[in-house]
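A short write-up of the structure that comes next.
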Amino acid sequence: MKKLAIGLSVSADLLLFDEEERGPDDQLRMQFEAIKQFDEEDRQLALGLLEGLILKHQAKRLLMRSTTSAAHREPSTRTTPAPSKAKRSTGKRAPQSSHR
């Protein structure tokens, strides 16, 4: 696939997906076009904001995924010893022998 993309001078995405499958929707495309007209400082600021929002979204997804998988894990096996089953005292005294 890589050799084919290089030979045709196109991206592998272009070979695998329709143009509409991978690109931004029309609203985002227009916003990106507007950002291209910004001066360099404002463009870097916009890119930084986008990167921050993307990272926030990814972190939220990972957190949700980890809490969901933790809730579905089977309970762990008991690691503390079970309480001993020693006989309890009934409060009655054992009969004493008559030797004294």
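The values are calculated or read from the model by the stated rules, or taken from the named source; none is laboratory data. The model shown is predicted, which means the values in this text are computed figures rather than measured ones. Cβ atoms come from the backbone with ideal geometry, glycine included; neighbour counts cover every protein chain shown.
Filtering region 35-60 to residues that are of a type in the set (D, E) and either within 30 Å of the chain's Cα centre (by Cα) or surrounded by 12 or more Cβ atoms within 10 Å (Cβ to Cβ) (or both) leaves only E51.
Whether any residue in region 48-71 is at pLDDT 75 or above and either at positive phi or acidic (D, E) (or both) is what I want to check. Yes; the residues of region 48-71 include at least one that is at pLDDT 75 or above and either at positive phi or acidic (D, E) (or both). Annotation note: Cβ proximity below 8 Å between a residue of region 14-26 that is small (G, A, S) and a residue that is modelled with pLDDT of 75 or more (sequence gap 6+ or interchain) occurs for G23/R29.
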